Amino acid sequence: FKRIYVIYNGINRKDIKIEKKENSIVYLGRIMKYKRIEHIILAFYLVKKKVKDAKLYIIGREKDKKYLNKLKELVNKLKLKDVYFLGYVDEEKKEEILKKAKVIVMTSVVEGWGIGIIEGNSYGCVSVGYNVRGLRDSIRNNYSGFLVKDGNIRELANKIIELLENEELFNKMSKNAIEYSKNFDWDKSAKKFEKILKLLINRQFI
């Protein structure tokens with residue numbers, strides 16, 4: 001008997017007109033140590049050597065001020081330009097940035113799911129992340145994004161560079177990302193949950 005069902009989170013989808021993309025990269029999530037945002041900054045340091053106009057936006061609510069200060073110190077130490085710590089932003093500002101961004105990146109030790117990845121996908125952002133639990137569920141490797149070896153900052157940077165420099169590859173994967181994100185819809189999730197409840201009520205386990 002099948003007793004375990006998986007219902008994925010949804011996102012608040014709407015019709016989105018994708019604007020012209022710029023060479024920008026986004027981190028979207030809480031500012032916490034286990035997210036390993038320093039890996040993104042170190043990868044961005046390598047990206048900037050190849051893609052001079054690249055930008056990095058770090059978006060998310062601060063949960064560890066000491067950690068946030070260390071990230072800012074690292075940016076200063078590397079003498080990096082075009083790194084923007086935006087903190088918490090409203091939906092309008094987040095949409096503005098995601099519409100223009102090409103890549104959404106996540107380097108957590110582990111994720112429960114990685115809903116920010118799917119949200120970025122819905123705006124045509126291609127995802128790049130570590131091959132860890134949670135992210136390997138939200139990133140469809142070589143389709144909506146790339147999974148790289150856990151902790152491999154150079155590989156992380158190389159995949160970002162590839163997406164920023166190879167327009168044909170980016171356009172293909174950006175379209176894939178948008179299509180993939182359509183699977184994660186609250187209406188679909190509600191219907192699946194309703195179906196399972198009916199099975200439980202009728203004691204029908206299939």
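If R0 is 30 Å, what FRET efficiency do you get for Glu155 and Lys195 from their C-beta distance, rounded to 0.05? Working from the Cβ atoms, E equals 0.15. Of the solvent-accessible surface of the range 26-159, computed with a 1.4 Å probe and all protein chains present, 46% belongs to carbon and sulfur.
Take the Cα of Asp53, step 7 Å toward its Cβ, do the same at Leu169, and the gap between the two points is 2.0 nm.
Here r is the Cβ-Cβ distance between Asn142 and Lys70 and R0 is 22 Å; the resulting FRET efficiency, rounded to 0.05, is 0.05. Remark: the range 93-191 carries 43 Å² of accessible area per residue (probe radius 1.4 Å; ligands, DNA and RNA excluded).
So how far, in whole Å, is the C-alpha centre of the range 150-177 from the one of the range 33-93? For the range 150-177 versus the range 33-93, the Cα centre distance is 18 Å.
The values are calculated or read from the model by the stated rules, or taken from the named source; none is laboratory data. Note that the structure is a prediction, hence the values are computed from the model and not measured. Cβ coordinates were reconstructed from backbone atoms using ideal geometry, including for glycine residues, and neighbour counts include every protein chain displayed. Areas reflect the complete protein model, heavy atoms only, side chains present, ligands, DNA and RNA absent. Shrake-Rupley method; radii C 1.70, N 1.55, O 1.52, S 1.80 Å.
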